[in-house]
Amino acid sequence: EHWRMTRVSDGQRRRVQICMGLLREYKVLLLDEITVDLDLVGRLDLLEFFRSECEERGATVVYATHIFDGLEPWATHLAYVGPQDEGFERAGPVASLPELRGRKLLQVVEGASARSA
């Protein structure tokens, strides 16, 4: 019997899609919700892989997500959008954003959403 993409789980399918996308070299990698079907361990492993790839290759990863767990040690720059697509709520190097000091990213973004509501 032959292996088929339609017979694997969403997470397994996502892993295959990620591997296929990473076959070519890149300087800039644009990722939109790439970890949505991965479990927590798979997501954190993938983020660690991208961090090491950025350091070793000098590559840049632009990662759009609504899943913030585990991003604090990974991100060097951050931009988040305000409600109703009002544009960037905040953007810049993570170290320059005082609201992140001692707080989790999810708390900061949720706080911005609550203030704007």
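The values are calculated or read from the model by the stated rules, or taken from the named source; none is laboratory data. Every value quoted in this text rests on a predicted model; they were computed, and no experiment measured them. Every residue, glycine among them, receives a Cβ derived from its backbone with ideal geometry; neighbour counts consider all protein chains shown. The accessibility values were calculated without ligands, DNA or RNA, using every heavy atom of the protein model including side chains. Shrake-Rupley method; radii C 1.70, N 1.55, O 1.52, S 1.80 Å.
Some observations on this one:
- Sites matching trypsin sites (Lys or Arg not before Pro) across region 1-90 that sit in DSSP coil, with at most 12 neighbouring C-beta atoms within 10 Å: Arg4, Arg24, Lys27
- Accessible-area composition of the chain, carbon plus sulfur, in percent [1.4 Å probe]: 54 percent
- In sequence order, region 54-68 has phi-based couplings of 4, 5, 6, 9, x, 8, 10, 10, 9, 10, 9, 7, 10, 9, 9 Hz under the Karplus curve 6.51 cos²θ - 1.76 cosθ + 1.60, θ = phi - 60°, and Gly or Pro positions carry x.
- Region 39-53 - phi-based ³J(HN,Hα) in whole Hz, Karplus 6.51/-1.76/1.60, Gly and Pro as x: 6, 4, 5, x, 5, 5, 5, 5, 4, 5, 4, 5, 4, 5, 4
- Radius 13 Å from Cβ of Phe49, net charge of other residues (Lys, Arg +1; Asp, Glu -1): -1
- The heavy atoms of Asp37 offer some 70 square angstrom of accessible surface to a 1.4 angstrom probe.
- According to the Cα-based calculation, Rg over Rh for region 1-43 is 1.02, with Rh computed by the Kirkwood formula.
- The angle between the Cα long axis of helix 105-116 and the longest principal axis of the Cα atoms of the chain comes to about 50 degrees, rounded to the nearest 10.
- Dividing the convex hull volume of the alpha-carbon atoms in the chain by its residue count gives 135 Å³ per residue.
- Built amide H within the under 5 Å cut-off of Arg90, gap 5+: Tyr80
- Computed from backbone phi with θ = phi - 60° and the Karplus coefficients 6.51, -1.76 and 1.60, the 3J(HN,Hα) list for region 90-98 is 7, 7, x, x, 4, 5, 8, 9, x Hz; x is used for glycine and proline.
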